1. I'm trying to understand the selection: among the residues of segment 182-209, which are within 19 Å of residue 237 (Cβ to Cβ) and surrounded by fewer than 20 Cβ atoms within 10 Å (Cβ to Cβ)?
2. Taking residue 27 and the conditions (1) more than 12 Å from the ligand (Cβ to nearest atom); (2) in contact (Cβ under 8 Å) with a residue 12 or more places away in the chain, which numbered condition does it fall short on, given that it satisfies the others?
3. Out of the residues in segment 83-110 meeting the condition of being of a type in the set (Lys, Arg) and out of contact with any strand residue (DSSP E or B) (no Cβ under 6 Å at 6 or more places or on another chain), tell me which one is nearest to the ligand (Cβ to nearest atom).
4. When the residues of segment 1-24 are narrowed to those that are assigned to a loop (DSSP other than H, G, I, E, B) and farther than 18 Å from residue 84 by Cα, which ends up farthest from the ligand (Cβ to nearest atom)?
5. Please verify whether residue 275 is more than 16 Å from residue 46 (Cα to Cα), surrounded by fewer than 17 Cβ atoms within 10 Å (Cβ to Cβ), in contact (Cβ under 8 Å) with a residue 40 or more places away in the chain and away from the ligand (no atom under 14 Å from the Cβ), treating the condition exactly as stated.
6. Output the number of residues of segment 38-49 satisfying the condition of being surrounded by 15 or more Cβ atoms within 10 Å (Cβ to Cβ) and farther than 13 Å from residue 8 by Cβ.
7. Please specify each residue of segment 86-119 satisfying the condition of being part of a strand (DSSP E or B), exposed (fewer than 15 other Cβ atoms within 10 Å of the Cβ) and touching a residue at least 40 places away in the same chain (Cβ under 8 Å).
8. What strands (runs of 3 or more DSSP E) completely inside segment 196-248 contain at least 3 residues that are away from the ligand (no atom under 15 Å from the Cβ)?
Amino acid sequence: MKLNFTKMQGAGNDYIYIDCRAAGLPPDAAAWAVQLSRRHFSVGADGVIYLCPPLRADGDAAMRMFNADGSEGVMCGNGVRCAAEFLYTHGVRRDCIRIDTPSAGQRVLHRVGDGLWQVEMGRFTAAPDAVGAVGLGGGPLLDVPLCAGGRAWRVHCVAVGNPHCVLFTHEPPPAGAELAAWGRALGHHPAFPGGINVEFAQPISPTGLAVTVWERGSGATLACGTGACAVAAAAVLTGRCPRGAPILVQLPGGTLEVCVQRDDTVLLTGDAAATFSGTVLIQPCKAPRGVV
Ligand SMILES: N[C@H](CCC[C@H](N)C(=O)O)C(=O)O
């Protein structure tokens, strides 16, 4: 069968967007994500985002995001901005757009420039499945000692919808094979039975961080919106960056602005752009993809 899609990116985090506002989520949503995300063999992307009918009376649409391996993410900071940009150009031409998610609630987005969106990402919390570590007052788990990939680390576990494991480095954050190896070792660590997204962050100024990302379900990506929020929250909680001021998170695919507010809610601002649209043939699913 043939499927219409739009490819979009936010800070280089690229997803395939499928408009299911009329028909609802297709039953093969996860299998399609595996097939369509495969670079060189199909459209290629970090995952697929389905735009579904809203879940709340005041919602403009709902969003379901699937990683490249078919696992479903709770939230997507870059994807939700692209979803708003998609809706803005497909029938919801308003500067304030509300997008529902099944388990992270409703996100409110404001159009603050041409292709530029600010999202209210909600409150950060403790990453839910860091086993054996105790959060401060139920909040994020800071300075957790962890051995992975033959090295001892101190990690900060913060959830912004999705769980993140943040590591601060003095050197430029790892890239290439090093990022893949350490990301995989930490992301699949037994302390995180549900898997975790991994961010390496180097403070480069009082309000600037250079960050690389390894995402559960997709591997190394050029950016991660919830990851940028988690890094900023960890930086504020450990005294590396100020609260209530814009923090610039420089990722391989672009820069995101994050503000950690007094009440622990986080604002995320960044680009969102369509790169191409097309029609793709869905093949009957055969070969499963390897674990990333
Ligand atoms: N890239 C996304 C997050 C994907 C989340 C996913 N990798 C997971 O937690 O399963 C972002 O911009 O927030």
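Every read-out reported here was derived from the displayed coordinates using simple, explicitly stated rules and does not represent laboratory data. Quick caveat: nothing in here was measured; it's all calculated off a predicted structure. For neighbour counting, all protein chains shown are included, and Cβ atoms are generated from backbone atoms with ideal geometry for every residue, glycine included.
1. Passing the criteria: 202, 203, 204, 205, 206, 207, 208.
2. Condition (2) is where residue 27 drops out.
3. Within segment 83-110, the match that is nearest to the ligand (Cβ to nearest atom) is 94.
4. So in segment 1-24, the residues assigned to a loop (DSSP other than H, G, I, E, B) come out as 1, 11-12, 20-24.
Okay, now just the ones that are also farther than 18 Å from residue 84 by Cα, so 1, 23.
Values: 1: 27, 23: 24 Å.
If we take residues in segment 1-24 being assigned to a loop (DSSP other than H, G, I, E, B) and farther than 18 Å from residue 84 by Cα, then 1 is farthest from the ligand (Cβ to nearest atom).
5. no
6. Taking segment 38-49 and keeping what is surrounded by 15 or more Cβ atoms within 10 Å (Cβ to Cβ), we get 38, 42-43, 45-49.
Filter again for farther than 13 Å from residue 8 by Cβ, leaving 38, 42.
The total comes to 2.
7. 112
8. Output list reads 197-205, 208-215.
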